[in-house]
1. Could you derive backbone 3J(HN,Hα) for segment 242-258 from the dihedral phi with the Karplus parameters 6.51, -1.76 and 1.60 (θ = phi - 60°), listing whole Hz in sequence and x where the residue is Gly or Pro?
2. When the chain is treated as a GNM, springs tying every alpha-carbon pair under 10 Å, which of E77, E26, E63 comes out with the largest mean-square fluctuation?
3. So what's the net charge close to W293: Lys and Arg +1, Asp and Glu -1, counting the other residues with Cβ under 11 Å from its Cβ?
4. Could you tell me which residue out of A146, V160, V135 lies farthest along the dipole of segment 124-282 toward its positive end? Charges go on the beta carbon: Lys and Arg +1, Asp and Glu -1, centred on the Cα centre.
5. Where the centroid of each part is defined by its Cα atoms, how far is segment 33-78 from segment 237-277 in Å?
6. Highest mean first, how do 10-21, 160-171, 208-219 rank when packing is the count of other Cβ atoms within 10 Å averaged over residues?
7. Show the residues, 5+ positions off or on another chain, whose built amide H is closer than 5 Å to the amide H of L34.
8. So what J values fall out for segment 76-83 if you push phi through Karplus, 6.51 cos²θ - 1.76 cosθ + 1.60 with θ = phi - 60°, rounded to Hz, Gly and Pro as x?
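Bear in mind these aren't lab numbers, they're just calculated from the coordinates by the rules spelled out. Nothing here was measured: the structure is a model prediction, and the numbers come from that model. Ideal geometry is used to build each Cβ from the backbone, glycine not excepted, and the neighbour counts take in all protein chains shown.
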Amino acid sequence: MRLSLGPIQYFWERERVFDFYRRVAEAPVDIVYLGETVCSKRRALRFADWRDIAGRLAAAGKEAVLSTLTLIEAESEAAYLRTIAQNGRYAVEAGDMAAVGILEGAAPFVIGPHVNVYNARALELMARAGAKRWVMPMELDRDTLAALQVTRPASLETEVFAFGRLPLSFSARCFTARAHKLPKDECGFCCADYPDGMPLRTRDGRSFLNLNGIQVQSGETCNLVHEIGALRMLGIDILRVSPQADGMFEIIDVFRRVMDGRLESAAAAGMLAPYHPSGACDGYWRGAPGMDWSHA
């Protein structure tokens, strides 16, 4: 079983991103996903920058994958998608079906978690299109995954999102800008003020959701470290952890130690507790409401 690091979902300043990936090059992760997947207005890094980072990570022994936007709204975004798809060196994670259409038959690619792959027929179609890996959609449960593992094409790897705030939905509207009473086209990049997103709470102060530009995330942090044994028994190839501003390399270390059999999962759950800013969740995995936490 391998460990992957998903794309940065938040808008971090340019030097912070470069510093982060310099540390990632030495971290015990096997696969690193790179690129902007949320908002095309976030242009602190350009394609050449992401390609250079990918080169440094590949030189460090990592599998570098370039990820595409999840929501394509303009021709300029479609053109950038084609640039990524035609990079000629690195695998691409398809954020939507437009990317799948461009990548089909051109090169092996990864099906991202926001492409609606919910059944065996969809997996078969994706494998025939050239997919080498699929990332399970966030809302699927372990029983559905178990059934899909039985019938998935032998050439297709399975990756599961195992730690981080769950990206739930995307919209043409920018929620962070709206919260600041700003129009989307004049947002002032206010999302940069929230390196882990903007928490949204109920009137009684309970965590509800997390706003990240046009993306809505779970308020709680998904954590499946205590399910690593079950995931291994299901034949899962890769676990994904999602970048966050604080404690990322401690989180990676804990997952790596559990995956290598050097740390018990029960102890790991306690060690990761400080890195759940608004609590943890694993409800979707168990077929329950997503915000539920089995260790509550």
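1. Once rounded to whole Hz, the list reads 9, x, 9, 5, 10, x, 4, 7, 5, 4, 4, 4, 4, 4, 4, 5, 5.
2. Result: E26 has the largest fluctuation of those listed.
3. Result for the local shell: -2.
4. Ranked along the dipole, the leading option is V135.
5. So the separation of the two Cα centres works out to 25 Å.
6. The densest-packed peptide leads the list: 208-219, 160-171, 10-21.
7. Those lying under 5 Å, H to H, from L34 are V65, L66, S67.
8. My calculation for segment 76-83 gives 4, 6, 5, 5, 5, 4, 5, 4 Hz in order.
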